[in-house]
1. Assigning unit charges at the beta carbon (Lys, Arg +1; Asp, Glu -1) and nothing else, what dipole magnitude in debye, to the nearest 20, does the stretch 1-49 show about its Cα centre?
2. Using per-residue counts of other Cβ atoms within 10 Å, averaged over each peptide, order 268-278, 60-70, 183-193 from highest down.
3. Counting only residues 5 or more places away or on other chains, whose amide H sits under 5 Å from the amide H of residue 209 once H atoms are built in the peptide plane?
4. Hey, what did the stretch 1-133 get for relative contact order, percent, Cα under 8 Å, at least 6 apart?
5. Using packing as a proxy for protection, rank 3-11, 72-80, 22-30 so that the peptide with the highest average count of other Cβ atoms within 10 Å comes first.
6. Along Cα→Cβ, 7 Å out, is where each label goes; now give me the distance between the ones at residue 252 and residue 277 in nm to one decimal.
7. What's the extension gain from residue 109 to residue 30 if we count 0.36 nm per residue and subtract their Cα-Cα distance?
8. Quick check on the stretch 223-272: take the gyration tensor over C-alpha atoms, sort the square-rooted eigenvalues as a ≥ b ≥ c, and tell me if it's rounded (a/c under 1.5), prolate or oblate.
Amino acid sequence: MAKIDIFVPCYNYGRFLRACVDSVLEQSVRDLRVLIIDDASSDDSLSVARELAQADSRVSVIAHPENRGHIRTYNEGIEWTAADYCLLLSADDLLVGGALERAVEIMDANPDIVLTYGECVAWHDDLPLPIIEPIQKYTWTRRDLLSEMCATSMNTVPTPTAIARTRVQKAIGGYRPSLPHAGDLEMWLRFAASGSVARINAVQAIYRKHSTAMSNAYFAEMTSDYRQCQLAFESFFNEYEDRLGASHGLRKLSSRALAERVFRHGIGLLRRGRVNDGLRLMRQAMAMDRRLRYLPPLWRVLKIPGEDGRRWALSVIRRMPGMLSGRSPATSKISLPPERHSG
């Protein structure tokens, strides 16, 4: 039986697929399987996938007759896995040499570890491919991932580096269809509640950034992003809170951390002159955490350089209570400081 199974969902990424799969097949761990799942691509993805399968018996292909979407495709890959360990790798991302060996060594020696992850380099593919020097020695640390993610309300696990123990993956289940844009965050919370997590202190993967990445349009709308993050934490705690024992306070911690992050982003937009967008996020944050309704940290608005900036900030703060409550929506009457008009 293979030591690790890697499933590669692919939709119209034929031009990236070969490099992705080659980065797996060239790993020092040889007893592996790769499943390419083509989700009814309209480009040459399927033909590239079949060429790769013909060239290497470790590669197999599933072709969807019609598009099923990324969540159903991910879950199909999870159902297929049977090796000790498994990895979901997007067709446009790349593994770094030695990544699988490092993860396997750690989990083989530590049966309590259910998930490993590491550093991930973001690469804009109009630039040269980053050169990651091979390393002979590496370090790793156990992480209280659950507490860390709740304290920051952020996903700190890069998906291309997340190598999991398959039996635990099967036990906790697949991705939630209700969380199309925050399913990975909720998945790592489930892993963290099910065993120990190790962070490998080495670059494990390269995340490709390009103009056709599916996430580009979505992340342009940060309000939806924050809402999905909130739903991910709610989904997790609704299922797992009773199992967490003394960690019951984590739900409140995550809710407050997310509200504060949304509020900070709103302040940042406000300071850049995007008043209506900033206020919208600030109101959203106040609805998430009532502490912000009574004691909003408006002093952060004052962090604008220059006398004009300070005068503008003070004028905003004077109007802020009414604007945040919705009683005074006329934000267009606020004159922005000269250096902010282009924001």
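The values are calculated or read from the model by the stated rules, or taken from the named source; none is laboratory data. Everything numeric here is computed off the predicted structure, so don't read it as measured data. Don't worry about glycine lacking a Cβ; one is built from the backbone with ideal geometry, like all the others, and counts go over all protein chains shown. Just the protein is used for accessible areas: all its heavy atoms, side chains included, with ligands, DNA and RNA removed. Shrake-Rupley method; radii C 1.70, N 1.55, O 1.52, S 1.80 Å.
1. 180
2. Result, highest mean first: 183-193, 268-278, 60-70.
3. Residues meeting the criterion, in which the H sits 1.01 Å from N, are 123, 124, 125.
4. Relative contact order, the stretch 1-133: 34 percent.
5. On the way: 3-11: 23.4, 72-80: 18.2, 22-30: 15.3.
Listed from highest to lowest mean packing, they are 3-11, 72-80, 22-30.
6. That separation, rounded to one decimal, is 3.5 nm.
7. 26.6 nm
8. Oblate.
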